[in-house]
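Bear in mind these aren't lab numbers, they're just calculated from the coordinates by the rules spelled out. Given the structure is predicted, the values throughout are model-derived calculations rather than measurements. Don't worry about glycine lacking a Cβ; one is built from the backbone with ideal geometry, like all the others, and counts go over all protein chains shown.
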Amino acid sequence: MRKLLRRIFLIDLIEGLAVTFRYQHPKYITTEQYPAERPKIAERYRGAPRLNNHPETGETLCIACNLCALACPENLIVVGSERNEQTRRKELTTFTYDTSRCMFCGLCEDACPVDALELTQDFELASYSREGAIWDRQMLEEGPRPSRYKY
Ligand code: SF4
Ligand code: SF4
């Protein structure tokens with residue numbers, strides 16, 4: 001009889017809905033609200049590459065030594081340079097970094113003697129084309145500019 005009454009008055013359904021609605025309270029929400037809320041990134045996370053410039057002069061820190069390209073097991077870094085006839089120093093002209101093949105191992109970063117190349121905590125690397133995954137010097141110096149959504 002009790003079972004029948006439960007069925008007639010849809011008690012199981014109501015109990016189920018009560019559980020569902022109880023967990024609608026914000027304190028129970030565990031889903032990350034990205035991109036409205038950006039997640040915390042681990043301190044040692046290795047993400048988007050950056051080619052650092054001198055903070056005061058704005059000139060590149062890269063001395064075009066090519067060590068990062070040699071250290072990379074994927075051979076995805078190409079450093080272009082030319083010799084300055086006056087100073088007799090190599091100067092950086094182009095720098096390409098294929099993020100689609102990168103495994104973010106950090107060997108290039110470790111190999112850089114002047115801390116010019118850095119793997120930052122930026123994690124938004126998506127692009128609409130394969131070509132978009134190949135970053136040139138300008139992109140590496142300015143960093144990615146992901147869309148910021150407002151709600
Ligand atoms: S993080 Fe590793 S795979 Fe990526 S460019 Fe540097 S050395 Fe190459
Ligand atoms: S190792 Fe550093 S200084 Fe040398 S080419 Fe790479 S980014 Fe430039």
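General observations
- When the residues of the stretch 110-151 are filtered to those that are in contact with a helix residue (DSSP H, G or I) (Cβ under 8 Å, 6 or more places away or on another chain) and not in a loop (DSSP other than H, G, I, E, B), the one that is nearest to ligand 2 (Cβ to nearest atom) is Leu117.
- Residue within the stretch 16-38 that is touching a residue at least 24 places away in the same chain (Cβ under 8 Å), in a strand (DSSP E or B) and over 27 Å from Met103 (Cα atoms) present: no
- Qualifying residue in the stretch 95-109 (condition: more than 16 Å from ligand 2 (Cβ to nearest atom), aliphatic (A, V, I, L, M) and either under 27 Å from Ala42 (Cα atoms) or in a loop (DSSP other than H, G, I, E, B) (or both)): yes
- Hey, Tyr28 among the hydroxyl-bearing types (Ser, Thr, Tyr) and more than 30 Å from Val114 (Cα to Cα) or not: yes
- Flag for Arg46 being more than 16 Å from ligand 2 (Cβ to nearest atom) and assigned to a loop (DSSP other than H, G, I, E, B): no
- Any pair with Cβ under 9 angstrom, 6 or more apart, that starts in the stretch 86-112 at a residue that is touching a residue at least 60 places away in the same chain (Cβ under 8 Å) and ends at one that is assigned to a loop (DSSP other than H, G, I, E, B): Gly106/Arg46; Glu109/Arg46; Glu109/Asp115
- Within the stretch 56-80, the set of residues being out of contact with any strand residue (DSSP E or B) (no Cβ under 6 Å at 6 or more places or on another chain) and within 12 Å of ligand 2 (Cβ to nearest atom) comprises Leu61, Ile63, Cys65, Leu67, Leu70, Ala71, Cys72.
- Entry remark, the stretch 1-60: residues being under 30 Å from Tyr149 (Cα atoms) and not small (Gly, Ala, Ser) number 31 in total.
- Options Tyr45, Tyr28: the member that is at negative phi and loosely packed, with under 10 Cβ neighbours inside 10 Å: Tyr28
- Just one of (1) surrounded by 14 or more Cβ atoms within 10 Å (Cβ to Cβ); (2) of a type outside the set (S, T, N, Q); (3) more than 22 Å from the chain's Cα centre (by Cα) fails for Arg83. It is (1).
- Leu5 being over 16 Å from the mean Cα position of the chain (by Cα) and on the phi > 0 side of the Ramachandran plot: no
- Selection status of Glu82, touching a Ser or Thr at 6+ places or on another chain (Cβ under 8 Å) and of a type in the set (Asp, Glu): yes
- Within the stretch 74-94, tally of residues that are assigned to a strand (DSSP E or B), aliphatic (A, V, I, L, M) and under 23 Å from Ser127 (Cα atoms): 3
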